[in-house]
Amino acid sequence: MRIDIISVLPEMLTATLDASILGRAQARGIIDVAVHDLRDWTTDRHRTTDDYPFGGGPGMVMKPEPVYRALDAISDLHPDTPMVVVMSPQGRPLDQALVHDLAAQSRLILLCGRYEGFDERILDRADLEVSIGDYVLTGGELPALVLVDAVARLQEGALGCTDSATDESFAEGLLEYPQYTRPAVFEDKQVPEVLLSGDHARIAAWRRRESVRRTAERRPDLLVHAHLTDEEREFARRIAEGETTHGD
Ligand code: 9D3
């Protein structure tokens, strides 16, 4: 998979991309990420990428001409047609289902802004606008890195352990169960007895129940799409409604 990222702060991206799982995936040729400085496609002496908004108002707006030139030039670097993704607070919220769709593309171009917004004509070139959540950041660079990290770990061979990507809680629609390691007793806190029992059926049943419990307590919104038995759904409903006895 090939990913091109356009930004006026390219150094903010390169440092992170060369490190960690992304650096390894890049070194192994699983993904090829290239970072581009938007100013390379400006033509004026000051390498201007933003301007005042027509109609007035606060902040600056990203100019269309450098972005159009960058998209044309970067598209031509590779034979496949890229999916153009603009990182924007107004975008579709990123979730694991969208990450899977993006990971299936052969090419992405990610456009990051550092301004109050994009000239609307830039968005005519976007196949998709993506947000990483409802909080205010200073630009699209960190969201682009989040997207690349999530997409890269789904590429074949990017992970150390091959089934880690499929055996994840969001795939099941439930939060993960509590985990423990040694020692069995730490500061008077005992690891649940069932986990020391060696009874794999009982352990699996306990973990499943704790996943349902946690999801009902912390993220009841996820239960809408979770695959639960009738009994699990009844258990989850009792917890979500705040009943005090959630006995096992
Ligand atoms: C406070 C300024 N805003 C209200 C008029 C608009 C605004 C413009 C640009 C708010 C944030 C930004 C910069 N953010 C991004 O470019 C961004 C982002 C984000 O802030 N949160 C979550 N996902 C994303 S994706 C891109």
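The values are calculated or read from the model by the stated rules, or taken from the named source; none is laboratory data. Remember, it's a predicted structure, so these values are computed and weren't measured experimentally. Don't worry about glycine lacking a Cβ; one is built from the backbone with ideal geometry, like all the others, and counts go over all protein chains shown. With ligands, DNA and RNA removed, areas are computed over all heavy atoms of the protein, side chains included. Shrake-Rupley method; radii C 1.70, N 1.55, O 1.52, S 1.80 Å.
Each 10 Å bin from 0 upward holds the following percent of the Cα-Cα pairs of the stretch 167-240: 19, 45, 29, 8.
Tell me the angle of helix 64-75 to the major Cα principal axis of the chain, expressed in degrees between 0 and 90 and rounded to the nearest ten. It is inclined by approximately 70 degrees.
Using a probe of 1.4 Å on the protein chains alone, the accessible area found for Y135 is around 120 Å².
Accessible-area rank, largest first, for H225, H36: H225, H36, with all protein chains present and a 1.4 angstrom probe. Sorting the segments 189-198, 38-47 by their mean number of nearby beta carbons within 10 angstrom, highest to lowest, gives 38-47, 189-198.
Rounded to the nearest 20 debye, the dipole size of the chain about its Cα centre is 320 debye, using +1 on the Cβ of Lys and Arg and -1 on the Cβ of Asp and Glu. In this structure F186 has an accessible area near 120 Å², from a 1.4 Å probe over the protein heavy atoms.
For E217, the accessible surface of its heavy atoms amounts to roughly 110 Å² (probe 1.4 Å, protein chains only, rounded to the nearest 10). In this Cβ point-charge picture (+1 for Lys and Arg, -1 for Asp and Glu), the stretch 167-240 has a dipole of about 140 debye about its Cα centre. Using Cα atoms only, what is the angle between the long axis of helix 200-218 and the major principal axis of the chain, expressed in degrees (0 to 90) to the nearest 10? Here the helix axis deviates by roughly 60 degrees.
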